[in-house]
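What follows is one structure encoded as structure tokens, with my remarks underneath.
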Amino acid sequence: MGNIAISIRNLVKNYDGTEAVSNISFDIKQGEFFGFLGPNGAGKTSTINAITGVANFDLGKIEVFGNDVVKDYRKARKFIGLAPQEFNLDPFLTIIETLIYQGGYYGIPKNVCVKRAKELMRLFGLYEKRNSSIKALSGGLKRRLIIAKALIHKPKILILDEPTAGVDVELRHYLWDSLKKLNKNGTTILLTTHYIEEAEKLCDRVCILHKGNILEIDDKKKLMKKFANSQITVELADKTKKIPKEIKRYNYKVDGKNLVFFEDNIKVNEILKIIEKNNLKIIDINIESSSLEDIFIGMVKKNG
């Protein structure tokens, strides 16, 4: 398997006769920050549940560092830390107790577990609240604890299902910084998110899912280069009555005093030379490029 952390081949998952995941295949490399993007019902959580053994799947094969998730479940599961969207916490335990008990499930000695718990509490800003009961915590602190709990056994893979759902902007950015540090230190991260900005900030590679199918999967920068649309607006001093013939080969429109170009990979200098050559005075130039969110919305609309 080499440097492949998760390998999925021909995965199919049905719920009551409805195909939630439709014969998808992909690999996640060791050390990668991989993003699952898709609207509700796209198949993101169903795929995660299949990887972690939370739910059975109908067809296909999944391996985690070469271990079959069905035949070698225990070996495969030890590599994974799962932070679900729901709060699966005992309200009567404290933060430190929650982490120690979770470590116990993996056979980690208590003294080792306490040390690891302190590291994680400091990483996620939980240390000052370590003796607080779960029921006294805010939603944001619970969200941090869910992720810390998933990491207590030092898994090679961290799976995050909508980790910043319902949290404020400040906490979202705090969690982003913490996750970047984890990934930089070698943890492979699989992230599902509705926040396109989140995937754009964090992920190396993204997979866009829709109705159980993969629409696109590629390096984030390559994906943006492949599907992004640039728009260049050139504001002229006066309305132009006659468009230079050299400009007519481009995809453009005239909007009052503006010439608006819609093609990708246009060299701005090339356009400026044509305009200046035809004695048209330029007042301003504005260049806009599509974001990952624009690409995502466009793909989902296109595929119904």
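If you go through the range 26-40 and keep only what is of a type in the set (Phe, Trp, Tyr) and either closer than 20 Å to LEU182 by Cβ or at pLDDT below 95 (or both), you end up with PHE33, PHE34, PHE36. Among the residues of the range 119-137, which ones are under 24 Å from the mean Cα position of the chain (by Cα) and either of a type in the set (Phe, Trp, Tyr) or not in a helix (DSSP H, G or I) (or both)? Result: PHE124, GLY125.
Tell me the residue from LEU259, LEU191 that is assigned by TED's automatic domain parsing to the domain that holds GLY125, buried (at least 17 other Cβ atoms within 10 Å of the Cβ), assigned to a strand (DSSP E or B) and at pLDDT 80 or above, please. Sole residue among the options that is assigned by TED's automatic domain parsing to the domain that holds GLY125, buried (at least 17 other Cβ atoms within 10 Å of the Cβ), assigned to a strand (DSSP E or B) and at pLDDT 80 or above: LEU191. Please identify the pairs in which a residue from the range 86-101 that is under 21 Å from LEU160 (Cα atoms) has its Cβ atom under 8 Å from the Cβ atom of a residue that is in a loop (DSSP other than H, G, I, E, B) and among the hydrophobic types (A, V, I, L, M, F, W, C), counting only partners at least 6 apart or on another chain. Correct list of pairs: ILE95/LEU126; ILE95/LEU137; THR98/LEU89; LEU99/ILE152; TYR101/LEU93.
Evaluate the range 64-74: report whether one residue or more is in contact with a helix residue (DSSP H, G or I) (Cβ under 8 Å, 6 or more places away or on another chain), free of Cβ contacts under 8 Å to residues at least 12 places away in the same chain, surrounded by fewer than 22 Cβ atoms within 10 Å (Cβ to Cβ) and more than 24 Å from LEU175 (Cα to Cα). Taking every residue of the range 64-74 in turn, at least one turns out to be in contact with a helix residue (DSSP H, G or I) (Cβ under 8 Å, 6 or more places away or on another chain), free of Cβ contacts under 8 Å to residues at least 12 places away in the same chain, surrounded by fewer than 22 Cβ atoms within 10 Å (Cβ to Cβ) and more than 24 Å from LEU175 (Cα to Cα). When the criteria are applied in full, ALA165 fails the requirement of being part of a helix (DSSP H, G or I) and among the hydrophobic types (A, V, I, L, M, F, W, C).
Residue-by-condition table, conditions (1) part of a helix (DSSP H, G or I); (2) modelled with pLDDT of 80 or more; (3) within 23 Å of the chain's Cα centre (by Cα):
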residue: CYS207; (1), (2), (3): no, yes, yes
residue: ILE217; (1), (2), (3): no, yes, yes
residue: THR240; (1), (2), (3): no, no, no
residue: GLU270; (1), (2), (3): yes, no, no
residue: LYS273; (1), (2), (3): yes, yes, no
residue: GLU276; (1), (2), (3): yes, yes, no
residue: GLU293; (1), (2), (3): yes, no, yes
residue: ILE297; (1), (2), (3): yes, no, yes
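Just the residues that are more than 26 Å from ILE8 (Cβ to Cβ) and in contact with a helix residue (DSSP H, G or I) (Cβ under 9 Å, 6 or more places away or on another chain), please, taken from the range 153-169.
Within the range 153-169, GLY166, VAL167, ASP168 meet the criteria.
Of the helices (runs of 4 or more DSSP H) lying entirely inside the range 1-115, those containing at least 3 residues that are more than 15 Å from LEU190 (Cβ to Cβ) and assigned by TED's automatic domain parsing to the domain that holds LYS180 are 73-78, 95-105. Is at least one residue of the range 195-208 surrounded by fewer than 17 Cβ atoms within 10 Å (Cβ to Cβ) and touching a Leu at 6+ places or on another chain (Cβ under 9 Å)? Within the range 195-208 (the criterion being surrounded by fewer than 17 Cβ atoms within 10 Å (Cβ to Cβ) and touching a Leu at 6+ places or on another chain (Cβ under 9 Å)), the answer is yes, since at least one residue qualifies.
The values are calculated or read from the model by the stated rules, or taken from the named source; none is laboratory data. Everything quoted here is computed from the prediction, not taken from an experiment. Because the Cβ atoms are built from the backbone with ideal geometry, glycine has one as well, and the counts that use them run over all protein chains shown.
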